[in-house]
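Below: the structure, in C-alpha cells.
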Amino acid sequence: MASDTTTAAGTAQQKRRRDLRNYALVTGAYWTDTLVDGAIRTLVLFYFDRLGYTPLQVASLFVLYEIAGVVTNLVGGWLAARLGLKITLFMGLAIQVLALCMLGFAPASLLVVPYVMASQALSGVAKDLNKMSSKSAVKLVVPEGDESSLYRWVAILTGSKNALKGVGFFLGGLLLTLFGFQSAVLALAALVLTALIVASSFMRGHLGRPDKTAKFRQMFSNNRAVNILAAARVLLFAARDVWFVVGLPFFLYAELGWSFWAVGTILAVWVIGYGAVQAAAPRFVRRRGHGPDGEPDGRIAVWLALGVALCPAAMAAALGAGVDPTIVIIGGLVPFGVAFAMNSAVHSYLILAYADNDKVAMNVGFYYMANAIGRLAGTVLSGLLYEWHGLTACLWTSAAFLIVAGLLSLLLPTEATTSTRSARLAHG
C-alpha cells in the first residue's frame with residue numbers, strides 16, 4: 001500500500017513537472033510571437049510611409065490582419081477543442097514564419113498593398129492562434145480550484161504580453177533604422193522558427209484533450225450580458241486604435257519630425273507601462289470592487305469608460321487651443337494608458353464572470369472576436385480620419401466611442417452569477 005502511494009505521488013510529480021515545462025515552452029513561444037508581432041507592425045508602418053504611401057493606404061495594409069483576427073478568434077476555441085492546443089500553437093508559429101518569409105524574400109516589385117495585406121492576414125491568424133493556445137494552457141497547470149494562483153498567473157501572462165509587444169515596437173523601429181526592411185523581417189522569421197523548433201522538440205504529452213464532437217455553432221453567444229460586454233469591447237478597442245495605430249505614429253514622425261526609432265521607443269514605453277498596469281490591475285480592482293468578494297461589476301465598467309473618455313477629449317481640446325503638441329502627447333498618453341488598462345482588466349474579468357458555466361471557452365472566443373472587430377474598425381478609421389483632419393479628429397472620435405461604451409455598460413448586470421466562479425479566471 002505504501003509502495004502504491006509512493007508510486008502515485010511520484011507519477012503526480014512527474015506530471016506536474018511535465019505540465020510546467022510544457023507551459024514554459026508555450027509561454028516562451030507566445031512571448032516570441034508577441035515580440036515579433038509588435039516589431040512587424042512598426043516595420044510595415046514606417047517602411048511604407050517612407051515609400052510615400054498615405055496614412056489611409058498604410059492603414060489598409062493592416063485591414064486583413066484585423067479581419068483574420070476576427071475570424072481566428074471566432075473559430076479558435078472550436079479549432080483547439082477539436083485538435084488540441086499543442087497543434088494550434090505549432091500551426092500559429094509555422095504560419096508566422098511563412099508570413100515573414102513572404103515579406104523577407106519577395107522582390108521589391110512584389111511589396112505592394114495587396115501582397116503585404118495577404119502577408120499581414122497570415123500574421124493575424126498566427127498571432128491569435130498563439131494567444132488562444134497560451135492563455136488556455138494556463139488552466140492546465142494550475143491545480144483545480146486554486147483561483148488565487150490562476151488569477152495571478154493570467155494577470156502576469158497578460159501584462160507581460162503587452163510589455164513585450166511594446167518592446168517589439170521599439171525593436172521594429174531600431175531594426176528598420178539599422179538593417180533595412182527585408183533583413184529585419186528575415187531576422188524576425190529566424191526568431192520565430194527557433195521558437196517553433198524548441199517547442200516542438202521539448203514539449204511532451206498533450207495540451208488539453210481533443211474533442212471531435214465540438215460544434216462550431218456553440219461559438220455564438222445567447223447570453224445577454226456577454227453580448228452587451230462584447231459590444232462595449234468593440235467600442236473600447238476602436239477608441240484606442242482610432243488614434244494610436246496610425247494617427248499617433250504619423251503625427252510624431254511626419255508633423256513633429258521624430259525619427260523612426262524615437263517613435264518606436266515612445267510607443268514601446270507606453271505599451272510596456274500599459275502591460276505593467278494591466279498586470280497589477282486585478283489587485284487594485286479587487287480592493288475597490290462592489291462584488292461580494294470585492295470583484296468589479298458593471299458599475300465600475302461604466303465609470304472607467306467615461307473616465308478614459310476624458311483623456312482623448314482633453315488632448316483634442318489642447319491641440320485645438322495651440323498647446324505644444326509634444327506636451328499634449330506625452331502628458332495625455334500616461335493617464336490614458338493607466339485608465340485604459342484598468343478598464344480592459346475589468347472587461348477581462350467580467351467576461352468570465354458573465355460566461356455560461358458550460359460554455360466558458362465559447363463565450364470567451366466570441367468576446368475576443370468582438371475585441372478584434374474593434375481593432376479593425378479603429379485601424380481603418382485611424383488612417384481615414386488622420387488623412388481627413390489630422391490627429392485631433394482621431395482623438396474626438398476616440399472620446400465619442402468611449403462615452404458610448406460607458407453608456408452601453410449601464411446595461412451590464414451589477415452582480416456576477418456565482419455559478420461560474422470556479423471557471424471565471426481561466427481565460428483572463
Inset, instruction - Quick one: which residue in 58, 71 is within 20 Å of residue 379 (Cβ to Cβ) and open to solvent by 40 Å² or more (accessible area, probe 1.4 Å)? - result: 71
Legend entry - Where residue 421 falls short, out of the listed (1) at pLDDT below 75; (2) open to solvent by less than 30 Å² (accessible area, probe 1.4 Å); (3) touching an Asp or Glu at 6+ places or on another chain (Cβ under 8 Å): (2)
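Any idea which of 391, 402, 412 is modelled with pLDDT of 85 or more and more than 20 Å from residue 245 (Cα to Cα)?
412
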Legend entry - Within segment 285-300, considering residues that are open to solvent by 50 Å² or more (accessible area, probe 1.4 Å) and part of a helix (DSSP H, G or I), the one modelled with the highest pLDDT: 299
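Is at least one residue of segment 359-367 under 30 Å from residue 57 (Cβ atoms), modelled with pLDDT under 90 and touching a helix residue (DSSP H, G or I) at 6+ places or on another chain (Cβ under 7 Å)?
Restricting attention to segment 359-367, the residues satisfying the condition of being under 30 Å from residue 57 (Cβ atoms) are none.
No.
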Inset, instruction - Would you check if residue 85 is of a type outside the set (Asp, Glu) and more than 16 Å from the chain's Cα centre (by Cα)? - result: yes
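Conditions tested, residue by residue: (1) open to solvent by 20 Å² or more (accessible area, probe 1.4 Å); (2) of a type in the set (Lys, Arg); (3) more than 21 Å from residue 70 (Cα to Cα); (4) not in a loop (DSSP other than H, G, I, E, B).
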site	(1), (2), (3), (4)
377	yes, no, no, yes
383	no, no, no, yes
391	no, no, yes, yes
399	no, no, yes, yes
407	yes, no, yes, yes
Legend entry - Qualifying position, being in a helix (DSSP H, G or I) and buried (at least 16 other Cβ atoms within 10 Å of the Cβ), among 191, 178: 191
Legend entry - Qualifying positions in segment 241-284 - farther than 21 Å from residue 378 by Cβ, in contact (Cβ under 8 Å) with a residue 60 or more places away in the chain and assigned to a loop (DSSP other than H, G, I, E, B): 256, 259
Legend entry - Residue identified as touching a helix residue (DSSP H, G or I) at 6+ places or on another chain (Cβ under 9 Å), in a helix (DSSP H, G or I), open to solvent by 20 Å² or more (accessible area, probe 1.4 Å) and modelled with pLDDT under 75 among 64, 140, 98, 122: 140
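The values are calculated or read from the model by the stated rules, or taken from the named source; none is laboratory data. All figures in this text were calculated on a predicted structure; none of them were measured in a lab. Note that we place each Cβ from the backbone using ideal geometry, even for glycine, and neighbour counts take in every protein chain shown. Quick note on the areas: whole protein, heavy atoms, side chains included, nothing else; ligands and nucleic acids left out. Shrake-Rupley method; radii C 1.70, N 1.55, O 1.52, S 1.80 Å.
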